[in-house]
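Inspection log for the structure reproduced underneath, given as structure tokens.
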Amino acid sequence: AQKITQTQPGMFVQEKEAVTLDCTYDTSDQSYGLFWYKQPSSGEMIFLIYQGSYDEQNATEGRYSLNFQKARKSANLVISASQLGDSAMYFCAMREPHSGYALNFGKGTSLLVTP
Amino acid sequence: EADIYQTPRYLVIGTGKKITLECSQTMGHDKMYWYQQDPGMELHLIHYSYGVNSTEKGDLSSESTVSRIRTEHFPLTLESARPSHTSQYLCASSFGGQRGGGAQYFGPGTRLTVL
């Protein structure tokens, strides 16, 4: 069975600084996908970035990058140049191939960006 | 841009009432999902669908039912609402693992309160 672990319940970062949100995972599948989502206080889930297990390069999307270390089973999200609007819950997730490719989510990290 | 809609956004209802939460998407995605999320917690899969006339239960036991008569529509029904059903319900859709890593796009959610 898959497991996603996010060990940081809450994080603070100053505006314009970079921040790393941790995610480790456990799976017996050879092929898998990892995702990060942002959930503002309004409640919607916003897709940020995807990393496939066979992708050789770390994924990047604008200010978001994914630090993928396959041997360590970690997929940390790096947000560069934090903005006040980045304050939100962030969830790491893994694709579950045995449930219609549903997502298995971690418990999330609450990020607060301060001026 | 993702086009997935949920209605109502907020619902307060008494115990024992029958309710249907609507979810529609215009992206032609074959796979659709319902997740349940308590405040500040992770998402749990309650139902998913591979396509028309396909419905499956997820990991979290739920007293709700779903139907998939049309590709774009995936409503969730509670025959008799109880206070334990109070939660946020999020609908999502994707092409599954075949395209784009299977990123799921979420609707805005329905916040349900059962008195």
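The values are calculated or read from the model by the stated rules, or taken from the named source; none is laboratory data. If you're wondering where the values come from, they're calculated on a predicted model, not measured in any experiment. All Cβ positions, glycine included, derive from the backbone under ideal geometry; neighbour counts span all protein chains shown. In case anyone asks, the SASA skips ligands and DNA or RNA and just uses the protein heavy atoms, side chains included. Shrake-Rupley method; radii C 1.70, N 1.55, O 1.52, S 1.80 Å.
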### Query
Short version: what are the Cα gyration tensor semi-axes of region B:63-115, square root of 5 times each eigenvalue, largest first, in whole Å?
26, 14, 8
### Query
What share of Cα pairs, in percent, lie more than 25 angstrom apart in chain B?
16 percent
#### Entry: region B:1-25 residues near the modelled B:Glu63 label - backbone nitrogen below 14 Å, point 7 Å along Cα→Cβ
B:14-19
### Message
Whole angstrom only: what separates the Cα centroid of region A:30-89 from the Cα centroid of region B:18-94?
### Response
25 Å
### Stretch in chain B that is longest and holds no GluC sites (Glu not before Pro) that DSSP places in a loop and that have at most 14 other beta carbons within 10 Å
B:2-62
### Task
Based on the mean of other Cβ atoms within 10 Å per residue, sort peptides A:38-46, A:99-107 so the most packed one is first.
A:99-107, A:38-46
### Task
Sticking to Cα atoms, compute the Rg of the protein assembly as shown to one decimal and its Dmax as the biggest Cα-Cα distance, whole number, in Å.
17.5, 53
### Task
Please report, in debye to the nearest 20, how large the charge dipole of chain A is about its Cα centre when each Lys and Arg carries +1 at its beta carbon and each Asp and Glu carries -1 there.
180 debye
### Message
Modelling each spin label as a point 7 Å along the Cα-to-Cβ direction, I'd like the A:Ala1/B:Ser84 distance in nm, to one decimal.
### Response
1.9 nm
### Query
Using only the Cα atoms of region A:33-115, what do you get for the radius of gyration and for Dmax, in Å?
13.1, 44
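Percent of accessible area on the protein assembly as shown owned by carbon and sulfur, 1.4 Å probe?
On the way: 5440 of 10890 Å².
The C+S portion of the solvent-accessible surface of the protein assembly as shown is 50 percent.
Suppose every K and R has +1 on its Cβ and every D and E has -1 on its Cβ; what is the size of the dipole of chain B about the Cα centre, in Debye to the nearest 20?
Working: 10 positive and 11 negative charges, 49 e Å.
With Lys and Arg at +1 and Asp and Glu at -1, about 240 debye.
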